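Taking it in order: structure first as structure tokens, then the write-up.
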Amino acid sequence: MSAARISPAGRAGQYAALIAYVVFLGFPLLWLLSTAFKNSREIALGGSGLIPSSPTLSNFGDAIDRANLVHAGLNSLQVAVATTVLTVLLALPAAYGLARFKTFLRPVTLGWVLVSQVFPTILVIIPLFLILKQFELIDSLPGLTIVYVVFTMPFCLWMLMGFVANIPRDLEEAAAIDGANRLRILISIVFPLLRPGVVATALFAFISSWNEFLFALVMIQTPEKVTLPLTLSRFVGAEGQVQLGALAAGSLLATIPSLVFFALIQRRLTSGLLSGAVKG
Amino acid sequence: MSSTQLAAPVSVGDPPPERRPRSRRRVKGDAWPLLLPALLPIVIFNVYPLLQGIYLGFTDSRAGLNQVTHFTGLENYRDLMDNELFWSSFRIGMIWALSVTSLQFVAAMGLALLLNENLRLRWLARTLSLVPWAMPPVVVAIMWRLMYDPNSGPVSGASQALGFGQLNLLGNFETALPAVIVVGIWAGMPQTTITLLAGLQGVDETLYEAAAVDGAGAWRRFWNVTLPQLRPVVVAITSLNFIWNINTFDLIYVLTNGGPGGRTMLPMLFAYNEGFRYGHFGVAAAMGNVMVVIIVGLLLFYLRSRLKGTGADR
């Protein structure tokens, strides 16, 4: 459409619309940021300025003290790292198998990824709760990790399969002709080429488990085992006017890891989408 | 879970096809050892519980020790039909899912069209449109609670500055649902925008030139060229959005927890309360089954009407 001539008035309209979008999308983020640095007096007085009148860091200290933030952060980190490592270790061989071998499991797996979208989590979560209870994996971080691995897996498989399929088979065949065996081909040809894809998938798995809420809500009961989203949601319940600043500060801290990792993989995530969606 | 939320845009299309598939290379036995470690946990902790969950919807299963579960057939569903709260939550869920999905589509389409133009500031809008994707839903909800806070929030602040007095959008019976719908739209912008933008970039430029030669204005070009070309992408993303939206839980749990007076009690929140607050596992699972039937029914209806539409055009 860029080829067509656009009148100055049309351009102005486009910019007005673009700015409206920027405000709608960006203002709530700025407000969160600003609230995190406002002192409690300013919030209590209903100061609706975007720029804090006397910026303070005390909210961050409050959030860390009162919302059990450090402990919850370590729990979240532990679960997210374990989920990431396990998911990638299990998904990598499987994705290679699905992409390279002809097996009936391929349409079955891909079908499952799509069909499982239709079922609300509530249907899975009750029986899963009962099953994990038998193994005493309720209210335990390893139990939560298992759940996260299972529910992150389908998409990680999907993502990795795409990356495997993008590696030309000719490379592997050439190596085979040179006498390399299967393992050697995997280690010295496939995995190095796959590294960017694996990194993207790993970060995705990390973000998913770092952000997850419903499973944690159902499965974690003791305060020592809460994850970040859980502790933040409880902090909301206990909130008074005074605590809004701390709430904002805590939320901000909890978002930073996801945001940073997302920034790293965003291009890969969206380009994977570009190649897929256009063919629709 | 949020991962499926994050996940799905890519699942809109097929995964990139293999280059030159060679049917000669079929090493059947070899694939199993590679696949089993990944697929076994999915079967044990996802497929099996799901089947059991569907079954639980036909039983009187309850939380607690020593509870004996009986098969009760359709009793849960009869009870749900008589339950006014169920109907109200169902109605709220439909209003929520349909409005969020449609408004999100309109908003995202507008943004995608702008991002497809050569405008300054485009990078900023594009970056901002992706941010909600990376945020924990709990944080999104907290952020909007700050926005809507009657004492210190900017929405109420603006209302006071204009002389309308304090505004408690989330606490008010009439405004709570519209207020959370806005949050739903905000939270779902990334996936929809990026998918539509990808679709736009795939539209053949020459079609626009041809339309321009024929004297079609911008609106006609959009209506007669862009939209029909985008149809598969639009159908896919609106279907997925609808499924995700009707199953929303985290956002509302933190924003309003279903209040005020149940005005934002989405179906999944209702089911969660039945299951984990009152311990009625059977009823909660039955509610899940009802949602599956409704979602599948609506999707079939939607997809059929869309497909018919394409047939009539050509």
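If I filter segment A:131-183 down to residues being β-branched (Val, Ile, Thr), more than 10 Å from chain B (Cβ to nearest Cβ) and not in a loop (DSSP other than H, G, I, E, B), which single residue comes out as most open to solvent (accessible area, probe 1.4 Å)? Give the derivation first.
Step one: of segment A:131-183, the residues β-branched (Val, Ile, Thr) are A:131, A:138, A:145-147, A:149-150, A:152, A:164, A:167, A:177.
So of that shortlist, the ones also more than 10 Å from chain B (Cβ to nearest Cβ) come out as A:138, A:145, A:177.
Restricting the remaining residues to those that are not in a loop (DSSP other than H, G, I, E, B) gives A:145, A:177.
On the way: A:Thr145: 14, A:Ile177: 142 Å².
Of everything passing the filter in segment A:131-183, A:Ile177 is most open to solvent (accessible area, probe 1.4 Å).
Count, please, the residues in segment A:184-217 that happen to be open to solvent by 20 Å² or more (accessible area, probe 1.4 Å) and charged (D, E, K, R).
The qualifying residues number 2.
Give the residues of segment B:146-176 that are under 14 Å from B:Gly259 (Cα atoms) and either in contact with a Phe, Trp or Tyr (Cβ under 7 Å, 6 or more places away or on another chain) or surrounded by 20 or more Cβ atoms within 10 Å (Cβ to Cβ) (or both), sorted by residue number.
B:Leu169, B:Leu170, B:Ala176
Any residue at all in segment B:115-123 that's assigned to a helix (DSSP H, G or I), buried (at least 16 other Cβ atoms within 10 Å of the Cβ) and either at pLDDT below 95 or facing chain A (nearest Cβ under 8 Å) (or both)? Reasoning before the result, please.
Initially, segment B:115-123 is screened for residues assigned to a helix (DSSP H, G or I), giving B:115, B:122-123.
Cutting the leftovers down to buried (at least 16 other Cβ atoms within 10 Å of the Cβ) gives us B:115.
Applying the additional criterion that residues be either at pLDDT below 95 or facing chain A (nearest Cβ under 8 Å) (or both) yields B:115.
Yes, some residue in segment B:115-123 is assigned to a helix (DSSP H, G or I), buried (at least 16 other Cβ atoms within 10 Å of the Cβ) and either at pLDDT below 95 or facing chain A (nearest Cβ under 8 Å) (or both).
Say whether the condition of being within 23 Å of A:Leu217 (Cβ to Cβ), open to solvent by less than 30 Å² (accessible area, probe 1.4 Å), outside any helix (DSSP H, G or I) and modelled with pLDDT under 95 is met by at least one residue in segment B:81-88. Let's see the steps before the verdict.
If we filter segment B:81-88 for residues that are within 23 Å of A:Leu217 (Cβ to Cβ), which is where we start, we get B:85-86.
This time we only want the ones that are open to solvent by less than 30 Å² (accessible area, probe 1.4 Å), so: B:86.
Narrowing further to those that are outside any helix (DSSP H, G or I): none.
Within segment B:81-88 (the criterion being within 23 Å of A:Leu217 (Cβ to Cβ), open to solvent by less than 30 Å² (accessible area, probe 1.4 Å), outside any helix (DSSP H, G or I) and modelled with pLDDT under 95), the answer is no, since none of the residues qualifies.
Got a sec? Which of A:Ser54, A:Ser34 is under 27 Å from the mean Cα position of the chain (by Cα) and polar (S, T, N, Q)? First the steps, then the outcome.
Numbers: A:Ser54 fails: under 27 Å from the mean Cα position of the chain (by Cα).
A:Ser34 is the lone residue from the list that is under 27 Å from the mean Cα position of the chain (by Cα) and polar (S, T, N, Q).
Please determine whether any residue of segment B:165-174 is aromatic (Phe, Trp, Tyr) and at pLDDT 90 or above.
Taking segment B:165-174 as the starting set, the residues that turn out to be aromatic (Phe, Trp, Tyr) are B:173.
Checking which are at pLDDT 90 or above leaves us with B:173.
Yes; the residues of segment B:165-174 include at least one that is aromatic (Phe, Trp, Tyr) and at pLDDT 90 or above.
Determine whether segment B:149-158 contains at least one residue that is within 29 Å of B:Leu115 (Cα to Cα) and within 11 Å of chain A (Cβ to nearest Cβ).
Yes, the conditions are met somewhere in segment B:149-158.
Is there a residue in segment A:65-86 that is away from every other protein chain (no Cβ under 13 Å), open to solvent by 30 Å² or more (accessible area, probe 1.4 Å) and outside any helix (DSSP H, G or I)?
Yes, that holds for at least one residue.
When you scan segment B:79-91, do you find a residue that is farther than 26 Å from B:Asp250 by Cα and in contact with a Ser or Thr (Cβ under 9 Å, 6 or more places away or on another chain), even just one?
Checking segment B:79-91: not a single residue is farther than 26 Å from B:Asp250 by Cα and in contact with a Ser or Thr (Cβ under 9 Å, 6 or more places away or on another chain).
Please go through (1) open to solvent by 10 Å² or more (accessible area, probe 1.4 Å); (2) in a helix (DSSP H, G or I); (3) free of Cβ contacts under 8 Å to residues at least 24 places away in the same chain; (4) facing chain B (nearest Cβ under 7 Å) for A:Ile126 and return the number of the only condition it doesn't satisfy.
(1)
From the list B:Val140, B:Val213, B:Val180, which one is of a type in the set (Val, Ile, Thr) and surrounded by fewer than 21 Cβ atoms within 10 Å (Cβ to Cβ)?
Step by step, each of B:Val140, B:Val213, B:Val180 is checked, and only B:Val213 is of a type in the set (Val, Ile, Thr) and surrounded by fewer than 21 Cβ atoms within 10 Å (Cβ to Cβ).
The values are calculated or read from the model by the stated rules, or taken from the named source; none is laboratory data. Please read all numbers here as calculations on a predicted model, not as lab measurements. Every residue, glycine as well, gets a Cβ built from its backbone with ideal geometry; the counts of neighbours run over all protein chains shown. What goes into the accessible areas is simple: the full protein's heavy atoms, side chains included, and nothing from ligands, DNA or RNA. Shrake-Rupley method; radii C 1.70, N 1.55, O 1.52, S 1.80 Å.
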